[in-house]
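Scroll down for the structure; my scribbles are underneath it.
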Amino acid sequence: MKPILPLLTALTLIPLAAIHGAEVPAATRFDVRTYGAVGDDATDNTEAFSRCLKALVDAGGGRMYLPDGVYQGRIIIPPVSKPLPSWITVEIVGESEPAPVFGTIGNFPLQNKGTIVKCLAESGGATISAAKSANSLYGGFSAVYVVVRNLEVRTYDNPRIGGIDLNHAMQCRLENVFVNTGVYNVQASKPTHGTKGLVTPVSDNAAVTILRNVTVTGYHTGILVYEHTDADNIVVAGNLHGLDFGTAHHASRFGRVGAYRNTHHVTVSGRHGFSITQLNTEQPGPGQTSPQNVWQTLVSDINDPKNLGTADINYWVVEGNVGAVDKFTRNGGASIQARRIGSAPAKITQSAK
C-alpha cells in the first residue's frame, strides 16, 4: 500500500494556498486618494471625502481608507435610510495607529505623524459626523454602524466645532482614536463654546457603543456618553468635563479611565446607570498651574448636582508633586457608590462648592 502522507499533504496545501492568495475584495475598500483626497495639510478634502463615502454607501458598506498624511476637511457620513434589510457598516480607517499625546506637566507639541483628519472651521458640524436621516429605520437615526480606527482627529485651541459626533448613528466602535485640539492638553485654553470631543449614538433602540484606546483632550466635554456603552483604556485630559453621562435607559460599563487635569472628571447630566472599574485621576499640585491653565484645577471628581446618576466607581487619586492622596470630591451624586481601591465604600460627605 502506498503511503497516504503525500496525498494528505497535497490535499492540505491546496486550500492553504488558496487562503494565502486571497485578497479583500476591492469593492469593499475605498481609498480616499481615488476620489481626489490629498493629505498635504492644505487641501480641503470635504468634497473628496463625500464622493468616497457616497460610493461606499451605494456599494452597501465598506472601508474608507486614509493613508498617512494630514487631511484637512470634514468627513460627513451620509444618511442611510429605509427600505433596507438592515443597516450597513461604514469603516473609517487610517494607515497608522496614532500616539495619544497627553500629560500633567510640560509642553509636548503635537506632530504631524500618522493619519490625521483636521478641521479648522469656526462653525458647523464636527470634524467627523453621521448625518441625520429623514426616512430612517428608527427615530431619525441613520442606519449605519460606524467604525473609526487608527485615526487622529484634530481641531484647534478652544474650538467652536466638535471632534466626532455620532449622535445620529445607530451603533459605533472606536479603536485607537486620538481626538484633540492641536495642542498638548496642559497648554489648552479654557473651552468656552460647549463643544464635545466625542458624542456617542443616542439611539435607545439597538444602540451599541464600543470604545477601546480612545483619548480626548482640550474640549468643553471630552466624551458625551449615551446608550449601551462599553469602554476600556479611555483617557480624558484637559477638558472642562472629562466624561459626561447623558440620559440612557441602559447602563454603561467602563474599565480603566484615566482622567487628568479636567475641571470635573465625571459629570452626570442625565439619568444614567454606569460603572467604572478603575477611575485613575491626577489633579494639578503645588506650582503646576499657570494663569493660562488654572481652569484645569480640580473642582470635583464627581459632578452630579441633580443626583441623576446611579453608579459604582473604584478610584485612585494622585496629586501632582505630592503623590497618591485619599481625596475624592463630589458635587451631589447621592446614588453613586465610590470607594478608593483597597478600602470600604466612601461615605457621601464631601461636596464641592
Query - Rg to Rh quotient for the range 123-190, alpha carbon positions, Kirkwood Rh - result: 1.05
Report task. Give the angle, between 0 and 90 degrees and rounded to the nearest 10, that separates the Cα long axis of helix 5-21 from the longest principal axis of the Cα atoms of the chain. Result -> 60
Query raised in the report: Can you list, largest first and rounded to whole Å, the semi-axes you get for the range 195-353 by taking the square root of 5 times each eigenvalue of its Cα gyration tensor?
Result: 24, 18, 14
Report summary line: The percentage of Cα-Cα pairs in the range 61-158 separated by more than 20 Å is 48
Query raised in the report: Ranked from highest to lowest mean number of other Cβ atoms within 10 Å per residue, what is the order of the peptides 148-154, 283-289, 119-125?
Result: 148-154, 283-289, 119-125
**Report entry** Calculated [θ] (222 nm, deg cm²/dmol) that DSSP helices of n ≥ 4 give over the chain, each run adding -39,500 (n - 2.57)
**Finding:** -3000 deg cm²/dmol
Report summary line: Percent relative contact order for the range 31-340, counting Cα pairs under 8 Å at least six residues apart, stands at 11
Report task. Give the Rg (one decimal place) followed by the Dmax (whole number) of the range 145-236, computed from C-alpha coordinates and expressed in Å. Result -> 12.6, 40
Query raised in the report: So which of 113/196; 118/306; 132/306 end up more than 28 Å apart by C-alpha?
Result: 118/306; 132/306
Query raised in the report: Arranged from highest to lowest average of other beta-carbon atoms within 10 Å per residue, in what order do the peptides 337-343, 48-54 appear?
Result: 48-54, 337-343
Query raised in the report: Going by alpha carbons, how many degrees (0 to 90, nearest 10) lie between the helix axis of 46-58 and the longest principal axis of the chain?
Result: 60
Query raised in the report: In what sequence do 157, 326 fall when counting other Cβ within 10 Å, fewest first?
Result: 326, 157
**Report entry** Residues 142, 269, 86 arranged by fewest to most Cβ contacts within 10 Å
**Finding:** 86, 269, 142
Report summary line: Once residue 249 and residue 306 are pulled to full extension, the length gained, defined as 0.36 nm per residue separation minus their Cα-Cα distance, is 18.8 nm
Query raised in the report: Based on DSSP, what percent of beta bridges with both residues in the range 31-340 are antiparallel, to the nearest 5?
Result: 5
Report task. Give me D for the chain in µm² s⁻¹, whole number, from Stokes-Einstein with Rh from the Kirkwood sum over alpha-carbon pairs, 10 °C and 1.306 mPa s. Result -> 74
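Each value in this text was obtained by applying a stated rule to the coordinates, not by laboratory testing. Predicted model only: the values in this text are computed from it and were never measured. Because the Cβ atoms are built from the backbone with ideal geometry, glycine has one as well, and the counts that use them run over all protein chains shown.
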